[in-house]
Amino acid sequence: MGAVLDVIAAVLVLIGALLCLTAAIGVVRFKDVPTRLHAATKPQVLGLMIICVAIALALRAWPVTAFLVPVVFIQLATAPLSAHMVGRQAYRNGRIAREDMLVDELGDAGDDPAPDSPDSQPPKR
């Protein structure tokens, strides 16, 4: 049973490493900030989670697993927050093409009617 778990752990490490490699390639190759942020967060976090599962399977010790659980949770908490802050700063610096956006939630509030104005209400039938 131990040899099977070691093989599974090795395969998981390879899969996690490939995900992290694709994240690094995406950060280098993609052209704009939103796609780079996507590459920097999604596959990298999933790759780290898979590698942590592989480490827990390979070492089979509760202290190691107890150490890896907060590592995964901290990564899940910090990667999206840092990507959000980088994306927001890129928007403010004009590094994001506004014409490519479907919805611009950070745009000027002066262009939209105020929530209490009669223009913001749907027409009555």
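Bear in mind that the values in this text are calculations on the coordinates, not laboratory data. What you see is a predicted model, and the numbers here were worked out from it, not measured in a lab. As a convention, Cβ positions derive from the backbone with ideal geometry for all residues, glycine included, and neighbour counts pool all protein chains shown.
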*How long is the gain from residue 46 to residue 98 if the chain were fully straight, where each residue apart is worth 0.36 nm and the alpha carbon distance is subtracted?*
15.8 nm
*Calculate how steeply helix 2-29 sits against the longest principal axis of the alpha-carbon atoms of the chain, using the helix alpha-carbon long axis, and give the answer as 0 to 90 degrees to the nearest 10.*
30
*What is the order of 30, 73, fewest Cβ neighbours within 10 Å to most?*
73, 30
*Using the number of other C-beta atoms within 10 angstrom as an exposure proxy, rank 59, 37 with the fewest first.*
59, 37
*Any idea what angle helix 33-59 forms with the longest principal axis of the chain, computed on alpha-carbon atoms, 0 to 90 degrees, nearest 10?*
20
*Packing-based exposure ordering (other Cβ within 10 Å, fewest first) of 74, 51*: 74, 51
*asked:* Run the paramagnetic zone check for residue 86: 7 angstrom along Cα to Cβ, then residues of the range 17-38 with backbone nitrogen under 16 Å.
replied: 20-38
*Once phi is turned into θ = phi - 60°, what whole-Hz ³J(HN,Hα) does the Karplus curve with 6.51, -1.76 and 1.60 give for every residue of the range 87-104, x standing for Gly and Pro?*
x, 5, 5, 5, 5, 5, 7, x, 8, 10, 6, 5, 6, 7, 7, 7, 10, 10
*When a/c is below 1.5 the answer is rounded, else prolate if a/b is larger than b/c, else oblate, so apply that to the chain with a ≥ b ≥ c taken from the square roots of the Cα gyration tensor eigenvalues.*
prolate
_Given Cβ point charges of +1 (Lys, Arg) and -1 (Asp, Glu) and nothing else, what value in debye, to the nearest 20, does the dipole of the chain about its Cα centre take?_
480
*Mind checking the full-extension length gain between residue 72 and residue 17? Use 0.36 nm per residue of separation minus the Cα-Cα distance, one decimal, nm.*
18.2 nm
*Sticking with the crude label model, points 7 Å out along Cα→Cβ, report the distance from residue 24 to residue 5 in nm, one decimal please.*
3.0
